[in-house]
1. Express the accessible area of the chain per residue in Å², computed with a 1.4 Å probe while the remaining protein chains stay in the model.
2. For the chain, how big is Rg over Rh, using alpha carbon atoms and the Kirkwood form of Rh?
3. For the pairs Lys98/Lys158; Lys76/Lys154; Lys131/Lys154; Lys10/Lys168; Lys73/Lys158; Lys64/Lys168, note any where the Cα-Cα span goes beyond 30 Å.
4. Sort segment 41-129 into rounded, prolate or oblate with this rule: let a ≥ b ≥ c be the square roots of the eigenvalues of the Cα gyration tensor; rounded if a/c is under 1.5, and if a/c is not under 1.5, prolate when a/b is larger than b/c, oblate otherwise.
5. Quote the relative contact order of segment 96-202 in percent (integer), defining contacts as alpha-carbon pairs under 8 Å separated by 6+ residues.
6. Given the rule -39500 (n - 2.57) for each run of at least 4 DSSP H residues, summed and divided by the residues of the chain, what is its mean residue ellipticity at 222 nm, to the nearest 500 deg cm²/dmol?
7. Please compute the modelled spin-label separation between Thr188 and Lys13, points set 7 Å along Cα→Cβ, answer in nm with one decimal.
8. Loop-only check: which GluC sites (Glu not before Pro) in segment 83-142 are DSSP coil with at most 11 other Cβ within 10 angstrom?
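The values are calculated or read from the model by the stated rules, or taken from the named source; none is laboratory data. Note that the coordinates shown come from a computational prediction; the quantities given were computed from them, not determined experimentally. Cβ sites come from the backbone with ideal geometry, for glycine too, and all protein chains shown count toward neighbours. With ligands, DNA and RNA removed, areas are computed over all heavy atoms of the protein, side chains included. Shrake-Rupley method; radii C 1.70, N 1.55, O 1.52, S 1.80 Å.
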Amino acid sequence: PQRVVFTALKLLKYKREYENSHHLAYEHVWLPSEKFSGREGTWVGFSVDEVLEESVARAYQVVKDHAPKAGEKFWKSTAELIGVGALRYSLLATSPEKRIVFRWEEALNLQRNSGPAIQYSHARACSILRKAGKIRGNHPSNLLETPQEKNLIKLLAKFPEVIVIAGKRFQPHLLAQHAANVALAFNTFYEACPVIEAETAELQRARLRLVNCTRIVLRNALNMIGISAPERM
């Protein structure tokens, strides 16, 4: 099937896309409660459409519980983004040679190591920047000295290197996992270091710029693995 897609790209004159296409083979996807065996007749197949519909339906309930006052239009549109993101991340975050065990509670976890968790961190960064307004004025370069700030800065600085390694080795899970690490470090930073209510105006500007850098890295990382980066969740 992959060769058919690649050949179609070539016939449709998408030469660059054809030449850049690469089939990255993965192990089978398993559920934690079931063993699949074709010989024993216990194999159960699910189409992509069925899994996506289930993911979006579950994401809808998560979004509705998380933002009960947002309204039906917001719940549906956000559930679509989160449901697709949850499924994509769950598959991409696993090294190709390892067996993938799919768990809904992990795929839709808003706290850590999931597509929705990264999306939520991006939306939180956007929310902080909206509340703060335009960042004006300069600040000294030595203001961000807490362990949480330093850890986040190091992870952001490492992002270009991760892209290169993931691309050269055909290992997209490195990019997915790094994005999750950035999201977790950002959440830790946000809880420990007041941004809008920082002690001084200079420190506020420094932290707001760190928030903006995080937003950019998370947005780019999500886009590179085919996941939308919502500004509100």
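1. I get 62 Å² per residue for this part.
2. Using Cα coordinates only, the ratio equals 1.03.
3. Lys76/Lys154; Lys73/Lys158; Lys64/Lys168, as the Cα separations exceed 30 Å there.
4. Oblate.
5. This gives 33 percent for segment 96-202.
6. Calculated mean residue ellipticity at 222 nm is -21000 deg cm²/dmol.
7. 5.2
8. Glu97
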